[in-house]
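Shown next, in C-alpha cells, is the structure this report addresses.
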Amino acid sequence: MVFTELFLEKDEMSSAKPALSNISNADSVSQTIEWNFRAAAHRLNVGQHLQTVLATPYREVHMRIPVVMDDDKLQIFHGFRVQHNSVRGPSLGALHLHAGCDLELQRALAQTATWRCALLDIPFGGSSSGIACHPVALSGRELELVTRRFTARVRRLMGVYEDILAPGENASPQIMKWVLDEYSSAEDFRSGAVTGKSIETGGVIPFEEANAISVAVSARQVALHIGLELARARVVVIGFSKAICKAAQELTKLGCRIVGISEEGWALHGDRGIDLEALMADEATAAVITEQLVMAQPISPKELIAMDCEILLCAKGDSALNETNAASVRARMIVEAADMATTPTADIVFEQHGITVVPDLLAAGGSSIASCLEWEQNLEKKSILDVRQRVEEIVLRSTRNMIDRAVHHDLSLRSAAYCIAVERVARMEKLRTV
C-alpha cells in the first residue's frame with residue numbers, strides 16, 4: 001500500500017521500502033513504539049531520511065534534583081523531560097512520578113504523545129516528563145520539594161507556545177498546584193502552560209473523566225463496527241484505580257457488566273457483576289474488598305485475564321499484554337486505557353484469534369483533548385461550557401477516521417491509527433522543512 005511519493009527523498013525514489021525490524025525483539029515499551037512507528041512508515045512509503053527525523057526527539061533533558069530529606073540526609077532524584085516533536089504545534093506531555101522513570105521510558109511516552117495528538121488532530125506535538133521516585137514513600141514536604149525543584153529546572157523549556165506540562169501517573173492535583181505555583185515565577189508565565197488544573201484555577205474537566213469518555217466513545221463505535229452488542233456485554237478490567245473505575249462506569253452506562261477486575265497480586269471475578277461504587281470507596285486488599293462484594297470471588301490475575309468476556313479493558317501499560325499471556329485472552333475486543341499496553345507480538349496473536357484492539361492512541365486520548373481545551377480556554381480567557389460534548393466529538397471523529405482507514409486498506413485498527421498519525425506529522429515535517 002503506497003499512499004504517495006511525497007515522503008521519499010530524491011535519492012530514495014528508486015529504492016525498496018524501508019525494511020522492518022525483527023518483531024520478536026519488540027517487547028519493551030521503547031521497542032513497541034519504535035516498531036509500531038516503523039510499520040506505519042513502511043506502509044506509507046516514508047523514506048529513511050524522514051523516518052530518522054520523525055523518530056528522533058527534538059530535545060532531551062536529564063536533571064539531578066538534590067533534596068534534604070526529613071532525616072537530614074541528602075538524596076539525589078533524577079528527572080527527565082523529552083520533547084519529541086513540535087512540528088504541528090507546541091509539545092504536550094504528562095508528568096509521571098514513579099520509580100521506573102528513566103530516559104528510555106520518557107522517549108517512548110513522548111513519541112506516543114506525538115502520534116496521539118496527530119491522530120486526534122489537535123494542534124500539538126508530543127513530550128513527556130518523569131521523576132524517578134516513590135511518591136508514597138515521601139513526606140508531603142519532600143514531595144513538594146522534589147516537584148518544585150523539578151519544575152524550576154524545566155521552567156525555561158515551558159510555555160503556551162513551546163511546551164505544555166500535563167498530569168500523568170501519580171501526578172495528583174496537589175502536585176500540579178505546586179507545578180503551577182513554581183512555574184508562575186517565570187517572566188513569561190501564562191497559566192495555559194500547565195494543564196490538569198482545578199476548575200477554580202482555570203481547568204475544564206477532571207482528566208480521569210476525560211479519559212473515561214474516550215474509552216467509552218471509542219469502545220462504542222468499534223463495537224458497532226464489529227457487530228458487538230454492548231447490552232450485558234461482560235467486561236474484565238486489568239489494572240485497578242479510581243480513574244479506571246470511572247472508565248468502567250462509563251461502559252456500564254452503555255449496558256456493559258463488569259465481571260472482573262485485577263491489580264498486582266490480586267483479582268476478583270463475579271459473573272453477576274462487580275459493584276464499582278464499593279471498589280472506588282475502598283482501594284484495599286482483595287480480602288477487604290471481597291468482604292464488601294459478596295458476589296465476587298478472589299482469583300489470580302493470570303486466571304482473570306483468561307476469563308470469557310466480551311471486552312478486556314486494559315489499564316496497565318508497560319507491555320501488560322505480551323507473548324506470555326496473549327494466547328490465553330478470550331475477549332472479543334480489547335480496549336487499551338493505558339499507553340503501550342500491548343506488544344507487537346501480542347498484536348499478531350490477537351489478530352490471528354480475531355480479537356479487535358482499540359489502540360491506546362485513541363482510547364487513552366481523553367486527557368490530551370482535555371489539555372487542548374484547557375489550553376484554549378486559558379489563552380482566550382473565555383470559559384468553555386460544552387467540554388464533555390467536545391471531547392466526545394473529537395474522539396468520535398477520530399474513531400471513524402481510524403475505522404475508515406482500516407476498512408479501506410485492510411489494516412488493524414492500531415495500524416490504521418498509526419498510519420493516520422504518522423502521515424499527518426510527516427506531511428507537516430516535509431512542508432516545513434527548509
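The values are calculated or read from the model by the stated rules, or taken from the named source; none is laboratory data. Since the model is a prediction, treat every value here as computed from it, not as a measurement. So basically every Cβ, Gly included, is an ideal-geometry build from the backbone, and we count neighbours across all protein chains shown.
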Can you find, within the range 267-297, the residue that is nearest to the chain's Cα centre (by Cα) among those that are modelled with pLDDT of 85 or more and in a strand (DSSP E or B)? ALA267
Among the numbered conditions (1) on the phi > 0 side of the Ramachandran plot; (2) in contact (Cβ under 8 Å) with a residue 24 or more places away in the chain; (3) surrounded by fewer than 18 Cβ atoms within 10 Å (Cβ to Cβ), tell me where VAL160 comes up short. (1)
Can you pull out the residues in the range 68-110 that are assigned to a strand (DSSP E or B) and closer than 19 Å to ALA370 by Cβ? SER91, LEU92, GLY93, ALA94, LEU95, HIS96
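Just give me the residues in the range 315-332 being of a type in the set (A, V, I, L, M) and under 18 Å from the mean Cα position of the chain (by Cα), in sequence order.
ALA315, ALA320, LEU321
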Sole miss for ASN211 among (1) under 26 Å from PHE240 (Cβ atoms); (2) in contact with a strand residue (DSSP E or B) (Cβ under 7 Å, 6 or more places away or on another chain); (3) not β-branched (Val, Ile, Thr); (4) not in a strand (DSSP E or B) is condition (2)
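Which residues, taken from the range 377-402, are among the basic types (Lys, Arg), surrounded by fewer than 12 Cβ atoms within 10 Å (Cβ to Cβ) and under 19 Å from ALA210 (Cβ atoms)?
none
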Extreme residue, surrounded by the fewest Cβ atoms within 10 Å (Cβ to Cβ), among residues of the range 195-214 that are under 18 Å from the mean Cα position of the chain (by Cα) and among the hydrophobic types (A, V, I, L, M, F, W, C): ILE205
Restricted to the range 403-416 and to residues being surrounded by 21 or more Cβ atoms within 10 Å (Cβ to Cβ) and in contact with a strand residue (DSSP E or B) (Cβ under 9 Å, 6 or more places away or on another chain), the residue nearest to TRP35 (Cα to Cα) is ARG414
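One line per residue, one yes/no per condition, for (1) more than 21 Å from PHE207 (Cα to Cα); (2) modelled with pLDDT of 95 or more:
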position: LEU119; (1), (2): no, yes
position: ILE122; (1), (2): no, yes
position: SER129; (1), (2): no, yes
position: ARG141; (1), (2): yes, yes
position: ARG148; (1), (2): yes, yes
position: ARG156; (1), (2): yes, no
position: ASP163; (1), (2): no, yes
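In this structure, does SER191 turn out to be surrounded by fewer than 18 Cβ atoms within 10 Å (Cβ to Cβ), polar (S, T, N, Q) and over 27 Å from GLU264 (Cβ atoms)?
no
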Going through (1) outside any loop (DSSP other than H, G, I, E, B); (2) in contact (Cβ under 8 Å) with a residue 40 or more places away in the chain; (3) among the β-branched types (Val, Ile, Thr) one by one, ILE334 fails only at (2)
Scan (1) within 30 Å of ARG190 (Cα to Cα); (2) surrounded by fewer than 24 Cβ atoms within 10 Å (Cβ to Cβ); (3) in contact with a Ser or Thr (Cβ under 8 Å, 6 or more places away or on another chain); (4) modelled with pLDDT of 95 or more for the single condition PHE350 breaks and write down its number. (1)
Might you let me know whether the range 89-99 holds any residue that is farther than 27 Å from GLU423 by Cα and surrounded by fewer than 21 Cβ atoms within 10 Å (Cβ to Cβ)? yes
Taking the criterion of being in contact with a strand residue (DSSP E or B) (Cβ under 7 Å, 6 or more places away or on another chain), at pLDDT 90 or above and under 26 Å from GLN297 (Cα atoms), would at least one residue in the range 176-186 satisfy it? no
Just checking, does the range 143-160 include any residue being over 25 Å from VAL425 (Cα atoms) and in contact with a Cys (Cβ under 9 Å, 6 or more places away or on another chain)? yes
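Conditions (1) of a type in the set (A, V, I, L, M, F, W, C); (2) touching a residue at least 60 places away in the same chain (Cβ under 8 Å), marked per residue:
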{"residue": "THR356", "(1), (2)": "no, yes"}
{"residue": "LEU362", "(1), (2)": "yes, yes"}
{"residue": "GLY366", "(1), (2)": "no, yes"}
{"residue": "ASN378", "(1), (2)": "no, yes"}
{"residue": "LEU385", "(1), (2)": "yes, no"}
{"residue": "ARG390", "(1), (2)": "no, no"}
{"residue": "SER415", "(1), (2)": "no, yes"}
{"residue": "MET428", "(1), (2)": "yes, yes"}
Can you tell me which of LEU228, LEU224, LEU180 is without any contact (Cβ under 8 Å) to a residue 24 or more places away in the chain, among the aliphatic types (A, V, I, L, M), over 23 Å from ARG388 (Cα atoms) and surrounded by fewer than 24 Cβ atoms within 10 Å (Cβ to Cβ)? LEU180
Quick check on my filter: what residues within the range 183-209 are free of Cβ contacts under 8 Å to residues at least 60 places away in the same chain, among the β-branched types (Val, Ile, Thr) and under 20 Å from HIS84 (Cα atoms)? VAL194
